[in-house]
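The values are calculated or read from the model by the stated rules, or taken from the named source; none is laboratory data. These figures come from a predicted structure and were not determined experimentally. When we count neighbours, we look across all protein chains shown, and the Cβ atoms used for this are built from the backbone with ideal geometry, even at glycine. Just so you know, the surface numbers come from the protein's heavy atoms only, side chains and all, with ligands and any DNA or RNA stripped out. Shrake-Rupley method; radii C 1.70, N 1.55, O 1.52, S 1.80 Å.
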Amino acid sequence: MIKFSEQQLKVPKMMRPVYLVTAGQSKFDRAIPDKRTEELCVDALTMAAEMIDMEPAELKKYIHTCYYGHFADHFGDQLLGEAVIHDRLGLDPLGNIGVKTGGATGGSTLWEAVKAVASGYSDCVLAMGWERMDEVPTDEGNFYISCAADKDWEGPLGHIYTGYYAVMAQKYWQVFGKEEESFRRTMAEISVKHHGYACNNPYAQAPMKITVDDVLKSPVVAYPLRALDACLMSVGAACAIICDEPTAMKLTKGKKNKPLRIWVSAGSHTLRPADRRDMEIPLLPNETAEQYKDFGKKFPGGDRYPGFTGFLGARMAAWYAYRMTGIKDPTEDLDVIELHDAFTISDIQSYEDVGIRPYGYGRDYVESGDCYHTNPKTGKPGKLPSNLSGGLIGCMHAVGATGIMQTFEIACHIWNRWAEMHGKPYWDRCGRTMPKDWTDLQVKDAKRALAISHAGVGSHVTATILMDPDHLLKNDA
Amino acid sequence: MSRFAEVQVKNNQYKIKGDFHELIPNTPIRDADNGHRLMGITNPRMLVHMHSYGGEAVFFESLSQGKLMASRCDNPKCEYKGSIWQPFRIACPDCLRKMTPIDMTDIARKTAKVHTFMVCERSGAFSLLDKPIKFINIEFDGVATILMSYLAVGEPKMGLRVVPIFKKIDPTYTILDLAWVPEGTKADALPFGFSF
Ligand SMILES: [Zn+2]
C-alpha cells in the first residue's frame, strides 16, 4: 500500500479567475491530403475569432503567449512542429511552447494555458492543438503510437498500444463485467450512441447509424474489444482563447459568447501499468470508505486498487478538480460532459474514476439512460448527457486537438450555441451534407460541464471544468 | 549496402562501423481525380539508432542466460524498504537509491500466475511476434508489481500458473527473450531457441 503526502494532495488554487472566451476547430477526418496542418490551425483560429465577431488579425493582437499541443513528432515527421505553426499563424514575437502528454495532450495544453493566465503572466493566451495521423499507413501509425509506451519493456511486444491497454479492459470485463452478454451489449451501446451522435456533427469523421449487433459483428481486435469499440485515428486542429477577467469582458462585450470560468486539473499514473502498486481508493466528495469496504467480496478479483481496472490518473484529476471548484456530485452538479472514450470499455471505466457511478457500477450510467441527450427509457432529457460530439469513437481522435475539441463542444452548450455551430454553414464548410434528420443536441440550460482528456493506459489525465460565472458552486473557486 | 550497422563501446564512446542509413529516392503523390496535379511527396527513410540499456543491461543480458532479474530496495531509510520490483528498475522510485539486483527466477518458477491477459489479433509495423499475440500480465508472490509479457504456448486465463522460458539460442537481447508457458508444459513444446 502506498500513500500520498499532504503536500501532494494540496487542493490547487488559482491566483485569479480565468475565462474561456472563444474556441474553434477544423473538420476532422482520417486523411486530409489537400491541406497542410497549418491550414487546419488557421481554420480553427479563424472560427474562434468569428465566434466573437472579430477578424483573426484583431484577436491575434490580444494574444500574449501560445501553448501548442501536438502529441507525436513521429507522425508529423517534423521536430519543432509547434514553431512551424506559430510562424504560419504569424504570432511573433510571442513566447510559445509545445506540450505533449500522449492522448491527454489537448487537455494538458489547456492546463498550461489556464495557469499562464491564473498566474498573471499573460492576460490572453492561445491554446492550439492538432494531430496529423494520415501520413503513414495504419500499421506504421500503430507502431508510432506504441512508441509512447516504454520502448524496452512494452514496445517490442507487438508494437500495438491497443494490446497494452486491452489487458486492463480484459480485467475489467471479467471482474466487473463478469463476462456477461448484457455487459457486452452495454459496451456496444456506447459505440452505437457515439457514432449516432456524430451524425449531427459536421466536423465528425465517423457518423454511422449502426446497431448493437453491428458492433458485436465487427472484427475482433482483442477480445472482447472489436473494431467498432475503438476510437478513430484522425487529422484536425482545435483551439481555445483563455483570458483574465478584464480581457474576457472586453472581448465578449455585446457578443454571443459569455465568458466561461475554466479550471483544469491533472493527474498521472505509471507509464507502464506493470509498475502500479496497491493503494486505498482516493475518495471523491460523493463517496465514502464504507461503500468500498467489502469490494473484493462483491467483485471477486477486484480487491486491488487501482489494479488494472481503475485509472488513478483520472481519479486524481477529478479529485483535484472537484475540490477546486466545489463539485460535490458530478451527476447533480454538471449538465453535460465529454469523456475520453478511447474504447467503449474505457468509457465505462472513466464513469467510475470521475465519480458518475461508484467503482464497479459504471455500466448503470448507460443502462439507466442518464448518459443520453434524451433518455431512451423515459423520453425525458438525460440526467448527464455525455459525448454528444460523438467523442473519440464517432467524432475524432486527432490526439493533440482532442481535449480542446471536447472543450469547444461543452462550451457550445453553455453558450447555447450548439445548434448554430453545428448548423448548415458548417456542414458546407466541412464539405459534408447535413442529414435530413439532423437533430439539435443542445442541452437546455447547461451551466456547468466537464471534459476528460486521457493518455493511453492512464499516464496523464486532465479534467477541464467550465462554468457559467453566474452559476458557480463555490465563491472563492 | 556494403555492411550493416555495427556498434561497440570503447572508452565509453560509441565506435560505429557499416551503413546506418540508406538513400532511397522520393516519389510524387498526385491527385488521380484532378488531372494528376501534385499533392505531395513520399519521404522514404531507412536508418539505424543506437540505444543504451544503461543500468538495465544486466536484466537483458541475464535473460539470454536463463535468469530473470528483479530489483529490491535495501535502503534502511526507505519508507518502502524491501519492495521487490519487476520490471527491473535501477533506482527505487520512492527513495531514489540504487536498488540491489536479485535473481528471481525461482520465485517466478514457483509463484507466477496470470493476473490478466489479452489475445490481440493485430500488431503494429515491425512486430516480430506471431499473431494472435497472447499478452499476459504476471503477478508473483512478494513482488510489488505485475510484469507484462506474452504466453508462448497454450491459451491464457486469469489465475493460470505459468513458468518463464528464455531465448538462450540466438537471443535478441530484448524483452522478447522472455516468454511464459503454462506450468507443466513439456520442453519439446517450446518455440525455437527457448528453454526453461
Ligand atoms: Zn527505496
Considering only residues of region A:141-163 that are of a type in the set (G, A, S) and more than 7 Å from every other protein chain (Cβ to nearest Cβ), which is farthest from B:T174 (Cα to Cα)? A:G141
Condition check: within 14 Å of chain B (Cβ to nearest Cβ), surrounded by 20 or more Cβ atoms within 10 Å (Cβ to Cβ) and at pLDDT below 90. Does A:M133 satisfy that? no
Tally time: how many residues in region B:110-148 are among the aliphatic types (A, V, I, L, M), closer than 22 Å to B:I84 by Cβ, out of contact with any Asp or Glu (no Cβ under 9 Å at 6 or more places or on another chain) and in a strand (DSSP E or B)? 2
Check on B:F60, within 14 Å of another protein chain (Cβ to nearest Cβ), of a type in the set (A, V, I, L, M, F, W, C), open to solvent by less than 20 Å² (accessible area, probe 1.4 Å) and within 16 Å of the ligand (Cβ to nearest atom): no
Which numbered condition B:I16 fails, given (1) of a type in the set (V, I, T); (2) closer than 30 Å to B:D170 by Cα; (3) open to solvent by less than 90 Å² (accessible area, probe 1.4 Å): (3)
Residues within region A:416-450 that are assigned to a loop (DSSP other than H, G, I, E, B) and out of contact with any helix residue (DSSP H, G or I) (no Cβ under 8 Å at 6 or more places or on another chain), tallied: 12
Among the residues in region A:356-371, are any under 30 Å from A:L40 (Cα atoms), outside any helix (DSSP H, G or I) and in contact with a strand residue (DSSP E or B) (Cβ under 8 Å, 6 or more places away or on another chain)? no
Filter region B:84-138 for residues that are facing chain A (nearest Cβ under 8 Å), among the hydrophobic types (A, V, I, L, M, F, W, C) and either within 16 Å of the ligand (Cβ to nearest atom) or out of contact with any strand residue (DSSP E or B) (no Cβ under 6 Å at 6 or more places or on another chain) (or both) and give the result. B:W85, B:A125, B:F126, B:L128, B:L129
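Taking the residues in region B:66-83 that are of a type in the set (S, T, Y) and near the ligand (Cβ under 9 Å from one of its atoms) as candidates, determine which candidate is farthest from the chain's Cα centre (by Cα).
So the residue we want is B:Y80.
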Do we have A:P219 as assigned by TED's automatic domain parsing to the domain that holds A:I85 and open to solvent by 30 Å² or more (accessible area, probe 1.4 Å) here? no
Going by the conditions given, is A:M187 hydrophobic (A, V, I, L, M, F, W, C) and modelled with pLDDT of 95 or more? yes
Would you be able to tell me the number of residues in region B:149-196 that are in a helix (DSSP H, G or I) and open to solvent by less than 60 Å² (accessible area, probe 1.4 Å)? 4
